[in-house]
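Visitor: Please see the structure below; I have some questions.
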Amino acid sequence: MMIEQMTGLIDKVRQSAPIVHNITNVVVTNYVANGLLSLGASPVMAYAKEEVADMAKIAGALVLNIGTLTADEVEAMIIAGKSANENNVPVIFDPVGAGATPYRTTVSQRILEEVNVSILRGNAAEIANLVGENWHIRGVDAGVGNGDIVELAKKAATKLELVVAITGKQDIITDGKQVIIIENGHPILTKVTGAGCLFTSVIAAFAAIESNYLLAAAGASAFYGVTAEKAIQSLETPRPGSFQIQFLDSLSLTSALDVKEKANVSI
Ligand code: ATP
Ligand code: TZP
Ligand code: MG
Ligand code: MG
């Protein structure tokens, strides 16, 4: 039942084309906007502290992504996050590079304290560094850790009282009690900058139409992973550049039925 609900969510996203307000990084902005458009959502990027409260309140979901953070942008994120909270708009947070520098860690902690975040999405190192676990991080890419990722995700979800999605070879999604593991996707996703950031914004599109955030994040993960597999199948020789473009196309082509047939979900 839960798997059927998850795999069907993409139809709801396409029917309602939710506005996703992104305060994201300069590396991935265009790719994230195109990815959201392709899958059927309506992206908007707005950063000025004078307008973010108004934009966040008309959105279906708000994404905060600290990939190329500046002090001004952090202030805007807090203002937007508070407005989203007041207007029951879910906030999805991607703590890009948390742990790589003290500033990123401190800012991430501040956002988590001042804003009620619904879903936290990152690689294992980012999430570990936010809950005080020692996990190696290489810039914005996950380093090698030797902890139990399921336990790490549960610990973070319980401590921070939100849904956590740790991505990598497997995506682990949990609210601290229930754990959903999705094993789809392809390693080439790690060779396309913004594949993680776009995934965070895709989760936001799903959270805009599904208020059970565990289900929304798991549905987004299955959809995203199956889409990557479809993109690989349509390329003769998959390379990061051609995959990056094919993946955008595949986001518009992957159906609920594709997800239902190909999702590899353990609950
Ligand atoms: P990193 O910077 O460590 O690459 P990220 O923020 O870019 O992290 P990823 O963990 O790469 O985010 O996740 C982006 C997408 O790629 C997710 O859908 C995830 O499932 C998928 N993915 C990542 N690594 C693999 C892998 N080895 N095999 C299959 N899918 C993967
Ligand atoms: N540097 C700062 S943000 C960024 C880089 C390379 C993009 C990271 O994107 P992702 O989705 O985490 O790979
Ligand atoms: Mg990446
Ligand atoms: Mg990332």
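Rule-based calculations on the coordinates, nothing more; no lab input. Every value quoted in this text rests on a predicted model; they were computed, and no experiment measured them. Neighbour counts run over all protein chains shown; Cβ positions are idealised from the backbone, glycine included.
Visitor: Roughly what would the spin-label model give for Thr70 and Leu37, points 7 Å off Cα along C-beta, in nm?
Guide: 2.5
Visitor: For the chain, how many pairs of lysine residues have a Cα-Cα distance under 14 Å, where the two are 8 or more positions apart or belong to different chains?
Guide: Summing the qualifying lysine pairs gives 9.
Visitor: Can you give the local net charge around Asn116? Use residues other than it whose beta-carbon is closer than 15 angstrom to its beta-carbon, Lys and Arg +1, Asp and Glu -1. Can you show the working numbers first?
Guide: On the way: positive: Lys57, Lys82, Arg110, Lys159; negative: Glu86, Glu113, Glu114, Glu161, Asp175.
Here the charged neighbours net out to -1.
Visitor: From the P(r) of the chain, could you give the percentage of C-alpha pairs in the tail past 23 Å? Provide the component values of the computation, followed by the final result.
Guide: Details: 16172 of 35511 pairs.
The answer is 46 percent, as a whole percent.
Visitor: Taking a ≥ b ≥ c as the square roots of the eigenvalues of the Cα gyration tensor of segment 204-267, is the shape rounded (a/c under 1.5), prolate (a/b larger than b/c) or oblate?
Guide: Working: a/c = 2.53, a/b = 1.87, b/c = 1.35.
Taking the square roots of the gyration eigenvalues as a ≥ b ≥ c, segment 204-267 is prolate.
Visitor: Same structure, new question: How large is the helix-only mean residue ellipticity at 222 nm for the chain, computed as the sum of -39500 (n - 2.57) over DSSP H runs with n ≥ 4, divided by its residue count, in deg cm²/dmol to the nearest 500? Walk me through the intermediate numbers first.
Guide: Details: 11 runs with 138 residues, N = 267.
Theoretical 222 nm ellipticity from helices: -16000 deg cm²/dmol.
Visitor: Per 5 Å bin, what percent of the C-alpha pairs of segment 115-241 does each bin hold, from zero upward?
Guide: 2, 11, 22, 23, 20, 13, 6, 2, 1, 0
Visitor: By how many nm would the segment from Glu114 to Asp54 grow when fully extended, if each residue of separation counts as 0.36 nm and the alpha-carbon distance is taken off?
Guide: Working: separation 60, 0.36 × 60 = 21.60 nm, distance 1.83 nm.
So the extension gain works out to 19.8 nm.
Visitor: Which of Glu210, Glu161, Glu236 comes first, and how do the rest follow, when ranked by fewest Cβ neighbours within 10 Å?
Guide: Details: Glu210 22, Glu161 11, Glu236 6.
With the fewest neighbours first, Glu210, Glu161, Glu236 line up as Glu236, Glu161, Glu210.
Visitor: Using the number of other C-beta atoms within 10 angstrom as an exposure proxy, rank Ser252, Ser42, Ser266, Ser118 with the fewest first.
Guide: Listing Ser252, Ser42, Ser266, Ser118 from fewest to most nearby Cβ atoms yields Ser266, Ser252, Ser42, Ser118.
Visitor: Order by neighbour count: Asp258, Asp94, fewest other Cβ atoms within 10 Å first, most last.
Guide: Listing Asp258, Asp94 from fewest to most nearby Cβ atoms yields Asp258, Asp94.
Visitor: Right, next: Run the numbers for Glu4 and Asn30: contour at 0.36 nm per residue of separation, minus the present Cα-Cα distance, in nm. Kindly include the intermediate steps, with their values, before the conclusion.
Guide: Values: separation 26, 0.36 × 26 = 9.36 nm, distance 3.20 nm.
Length difference between fully extended and current span is 6.2 nm.
Visitor: Now for a different question. Grab the Cα-Cα distance for Glu86 and Asp148, subtract it from 0.36 nm times how many residues apart they are, and report the gain in nm with one decimal. Walk me through the numbers on the way to the answer.
Guide: Working: separation 62, 0.36 × 62 = 22.32 nm, distance 3.58 nm.
Result: 18.7 nm gained on full extension.
Visitor: Hey, what does the equivalent ellipsoid look like for segment 75-123, semi-axes from the Cα gyration tensor as sqrt of 5 times each eigenvalue, largest first, whole Å? Walk me through the numbers on the way to the answer.
Guide: Values: eigenvalues 79, 27, 10 Å².
After diagonalising the Cα gyration tensor, the semi-axes are 20, 12, 7 Å.
Visitor: Sticking with this one: Which whole-number percentage describes the relative contact order of the chain, with Cα contacts under 8 Å and a sequence gap of 6 or more?
Guide: 22
Visitor: On to the next question. What dipole magnitude, in Debye to the nearest 20, does segment 1-266 give about its Cα centre under +1 on Lys/Arg Cβ and -1 on Asp/Glu Cβ? Write down the numbers at each step before the final one.
Guide: Numbers: 19 positive and 27 negative charges, 59 e Å.
About 280 debye.
Visitor: Order the peptides 166-173, 46-53 from the highest to the lowest mean number of other Cβ atoms within 10 Å of their residues.
Guide: On the way: 166-173: 22.0, 46-53: 15.2.
The packing order, highest mean first, is 166-173, 46-53.
Visitor: Moving to a separate point now. Counting every Cα pair in segment 1-115, what percent are over 17 Å apart?
Guide: On the way: 3680 of 6555 pairs.
I get 56 percent for the Cα pairs in segment 1-115 exceeding 17 Å.
Visitor: About the Cα centre of segment 100-246, what is the dipole size in debye to 20, counting +1 per Lys and Arg Cβ and -1 per Asp and Glu Cβ, all else neutral?
Guide: Details: 12 positive and 14 negative charges, 49 e Å.
Here the size comes out at about 240 debye.
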